[in-house]
Structures are given as C-alpha cells and as structure tokens.
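> Next up is a structure, given as structure tokens.
The values are calculated or read from the model by the stated rules, or taken from the named source; none is laboratory data. Here the structure is a predicted model, which means the values were calculated and not measured. Don't worry about glycine lacking a Cβ; one is built from the backbone with ideal geometry, like all the others, and counts go over all protein chains shown. All accessible areas refer to the heavy atoms of the entire protein, side chains included, with ligands and DNA or RNA removed. Shrake-Rupley method; radii C 1.70, N 1.55, O 1.52, S 1.80 Å.
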Amino acid sequence: MEVIEIAREIMENLGVFKGSKPVVNNAEAMIIKGMTHERLEKDEIVPTIEELYKKMNIKRVYLESKSARTITDRIDKKFRKVTEVYDQPNGIEGIERLKNTFEMTGFIADYVIGITEEDIAVYVVMWMDNTGFGPRFVETMVVQLDPENENDNAF
C-alpha cells in the first residue's frame, strides 16, 4: 500500500476525509488535517485509533517502547530528506509538547503511533474541545521510512 492510500483510508474511516487538507503532500510523506462534528468521549480516542489500526493491519507502537523512539527518529530523518523542514528534530518530545499545548488551551488530545509491514510509519492525532462543543480534529502523518542500516543506529 502507498502512503497516499493509507492516509486516505485513515481519514475516510475516521469520517474526516471530506474537506480535509494536506499540509505535506509528497509520495513518501504526507500530513493531512481534517475535522468532523461527530463527537467522541475522551476515553474513546485511543480505542478508536487502535480499532482502525487493527482493521488496516497497522501495528501499534507504544510510546514507552524503544521502537517508538527509533521510528520517530527515522521519521524526522525522512522528513528532512523529502520536505522543506528546517527546525530541529523533536521526536516524541515534540509530539508530547504538541499534545500538552492542546490540553493547556482547553482541548482533549491524544495520539497513537503505528507501523505497517511495508515499513510505513503512521501517526494519528485527535483533539477536540473538552467542553463538548465544537468539532473533532484529526491529523494524520504517514511516512514511508527509508531502510535501516547499521550506521543509523550509531547516534
């Protein structure tokens, strides 16, 4: 499966494809944002993403695992290669800062990292107003990772 196919299927399954906008649109790396007025409870965000991952044969990668850091580092490296990203790599800490920023501004936010058998990394982030009003937002990042080699792990 290709990056664009995975991104589209995720957005369609979460009901946010219509009106969604690509932020990064590259054959090897995509970020798409969308929204819906369908509500979820806070404790339904992660299970909803996990269920989607199971349906799409995407293996969940737990944030606390060594794999999460490795995958995130590989994503940062790939993004610098295929897009015009000039800031410092933020890895998992950057994702957590983003989540904390949403929460400080009155949103509920959560995300799940995953990876396919084809070595395509997937992040799905959902956030919504914690008062129960307003839309639910989804941001999906799908990145075809470069093959690992022994020199990449020497950092």
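> Using a probe radius of 1.4 Å on heavy atoms only, what accessible surface per residue do you get for the chain? Whole Å² is fine.
59 Å²
> Just to compare against my own numbers: the Cα pair-distance distribution for the chain, 10 Å bins, whole % per bin, please.
For the chain, the binned pair fractions read 11, 41, 37, 10, 1 percent.
> A further question on this structure: Can you classify the stretch 91-143 as rounded, prolate or oblate using the Cα gyration tensor, where a ≥ b ≥ c are the square roots of its eigenvalues, rounded means a/c under 1.5, and otherwise it's prolate if a/b beats b/c and oblate if not?
Since a/c reaches 1.5 but b/c is at least a/b, the shape of the stretch 91-143 is classed as oblate.
> Let me ask another. Considering only protein heavy atoms and a probe of 1.4 Å, how much of the accessible area of the chain is carbon and sulfur, as a whole percent? Working shown, then result.
Details: 4680 of 9130 Å².
Its accessible area is 51 percent carbon and sulfur atoms.
> Now, a different point. Kindly provide log₁₀ I(q)/I(0) values, in the same order as q = 0.20 Å⁻¹, from the Debye equation applied to equal alpha-carbon scatterers of the stretch 1-69.
Evaluating at q = 0.20 Å⁻¹ gives log10 I(q)/I(0) of -1.01.
> As an exercise, find the ratio Rg/Rh for the stretch 19-108 from alpha-carbon atoms, using the Kirkwood inverse-distance average for Rh.
Here the Rg-to-Rh quotient is 0.96.
> Could you give log10 I(q)/I(0) at q = 0.24, 0.27, 0.30 Å⁻¹ for the stretch 32-71, computed by the Debye formula over C-alpha point scatterers of equal weight, without solvent?
Values returned for q = 0.24, 0.27, 0.30 Å⁻¹ are -0.98, -1.02, -1.03.
> In this model, which of 42/81; 54/77; 18/66; 21/66; 21/54 are farther than 30 Å apart at the alpha-carbon?
Over 30 Å Cα-Cα: 42/81; 18/66; 21/66.
> If a paramagnetic tag sat 7 Å from the Cα of residue 129 along the Cα-Cβ line, which residues of the stretch 101-118 would have the backbone N under 18 Å from that point?
Within reach of a label on residue 129: 102-110.
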